[in-house]
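Working notes for the structure below.
Please treat every number below as a calculation from the coordinates, not as lab data. This structure is a prediction, so every number in the text was calculated from the model and none was measured.
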Amino acid sequence: MPNQEHTLDDVFRALADPTRRAVVQRLSAGPASVKELAEPFDMALPSFMQHLRVLEESGLVLSRKKGRVRTCHIKPRELGEAEEWFARLRAVWEGRFDRLGTYLDELQNKGGRT
């Protein structure tokens with residue numbers, strides 16, 4: 001799907017399934033054929049291909065066919081966008097926890113000054 005913008009919703013939907021997360025994890029080590037990727041899973045190849053289709057539609061995985069072998073590659077850009085989203089969220093929550101910690105310290109110090 002060239003020139004199609006992928007959203008975080010697509011990425012998170014794709015990663016919501018443990019089979020697809022395992023495929024992404026495996027591909028992070030390098031490209032692999034569909035046969036190699038499907039091997040560890042106890043499912044029919046057409047079912048596994050549906051998982052690959054979701055990963056491709058999300059923009060996380062790209063596959064190319066050369067001869068009779070379809071090889072899959074990870075596309076780290078989409079994962080990077082999800083990581084950036086988590087980093088922004090983490091920064092917000094860390095700031096909140098820091099403020100809460102400061103507030104609790106102030107309460108404790110006030111309580112000790114009687």
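Quick look at the values:
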| read-out | value |
| --- | --- |
| Placed amide H near Lys75: partners under 5 Å, 5+ positions off or other chain | Val61, Leu62 |
| Residue-wise HN-Hα coupling along region 78-89, computed from phi with Karplus coefficients 6.51, -1.76, 1.60 (Hz; x: Gly, Pro) | 5, 5, x, 5, 5, 4, 4, 4, 5, 5, 5, 5 |
| Percent RCO, i.e. relative contact order, over region 17-114, from Cα pairs under 8 Å lying at least 6 residues apart | 25 percent |
| Kirkwood-based Rg to Rh ratio, region 20-65, C-alpha trace | 0.91 |
| Volume in Å³ per residue [convex hull over Cα atoms, computed for the chain] | 136 Å³ |
| Alpha-carbon Debye profile of region 48-114, log10 I(q)/I(0) at 0.13, 0.18, 0.24, 0.29 Å⁻¹ | -0.59, -0.79, -0.99, -1.13 |
| Total lysine pairs whose alpha carbons fall under 20 Å of each other in region 8-111 (8 or more apart, or interchain) | 5 |
| Residues with amide H under 5 Å from that of Ala32, placed H, sequence gap 5 or more | Cys72 |
